[in-house]
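Have a look at the structure below, then the notes.
What follows draws every value from the coordinates through simple rules; no lab data is involved. Note that the structure is a prediction, hence the values are computed from the model and not measured. Because the Cβ atoms are built from the backbone with ideal geometry, glycine has one as well, and the counts that use them run over all protein chains shown.
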Amino acid sequence: AAAAAAAPVEGPTAAAPAAAALPPPAAAAPGPALSPEALFARASASVVRINAQSGQGGVSGSGVVLGPGTVVTNCHVARGGARLRVLQGAQGFDASVELADETHDLCRLSVPGLDAPAAPIGRVASLRVGQKVYAIGSPRGLDLTLSDGLVSSLRETPEGTLIQTSAPISPGSSGGGLFTEDGLLVGIVTFQVRDGQNLNFAVPVDWVLRMSPTDRSRGSALPPMRSAGPSTESQPPRTAGTDSPLVGRWECFGPLTGRGITLVFGADGRLGGQMEGRAINGRYQLRDSQLLLADGSGTERYAVESLGATRLVLNAGQGRRLACSR
């Protein structure tokens, strides 16, 4: 429970006007394989860099154009700072979160003034293990970096099919596109296994297409967490208390196994549940909006981004987030 096996490769948005559902484009017909040069020339026009700025810091990631003034990226990128900027070459545009499906770490951005071609859409059902794919993004802020690899595996989860790929990615690649040899967008690069070697994952573009206006409220319309008191080093750690909405059972999204993490918070500070089949038996501490989880595998400190009767979002920093529901 202290640390999930996978981590996004990055290291409260104000409510936006009601957003219309994106009309799902028909899957583009497969075409002949392109040379890497031709694929990059075509697909890179639909990939942008995203900066989420806050004070002196922020998060840099990638995004893919879905239509006029519309970009998709990971929520851990979009929510990395108070001000969002989408960069295409020398041009910069202010952006806002239009839809947020935080369970799948997908945010759709409204980017007024952005005029870039939409990426042609493929489907995860068309993929086969062993076929070649290309990732385009902005690792470490290096715009429009192309890497290639294979579909290493197609991981079936209760949420759908995750794409495992050997195409190299780095911090800053999050939110970029994963393309087939004929230039179709099939995935959004999202995370890599921290203790593995070149174990990279993309969420299927199919999840992007099924985002709807109801997703907005899942990440933004929750009451703020009630403070547990001033956050000072001299104050003793606290448990949640019997009247806290934290107490009880939560089902959290685990990238490799769908809803594979269960956390059970007791009013006495005990932590239970299971992660990917392993039982959790530990303790938690709560101080203000900081939550410390500890069991035999180690400890992890999370910031509580939002907490309501049915929704909990935790952030461990460097883009590592858990989205949980009752």
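For the reader, a short list of remarks on this structure follows.
- In this simple spin-label model, placing a label point 7 Å from the Cα along the Cα-to-Cβ direction at both A118 and R326 gives a separation of 3.8 nm.
- Sequence ranges 303-314, 175-186, ranked by mean other-Cβ count within 10 angstrom, highest first: 175-186, 303-314
- A DSSP coil position with no more than 13 other Cβ atoms inside 10 Å describes the following trypsin sites (Lys or Arg not before Pro) in segment 71-142: R128.
- Legend: calculated FRET efficiency, Q290 to R155, from the Cβ-Cβ distance at R0 = 30 Å, rounded to 0.05, equals 0.40.
- Efficiency of FRET from Cβ geometry, Q274 and R210, R₀ 45 Å, rounded to 0.05: 0.95
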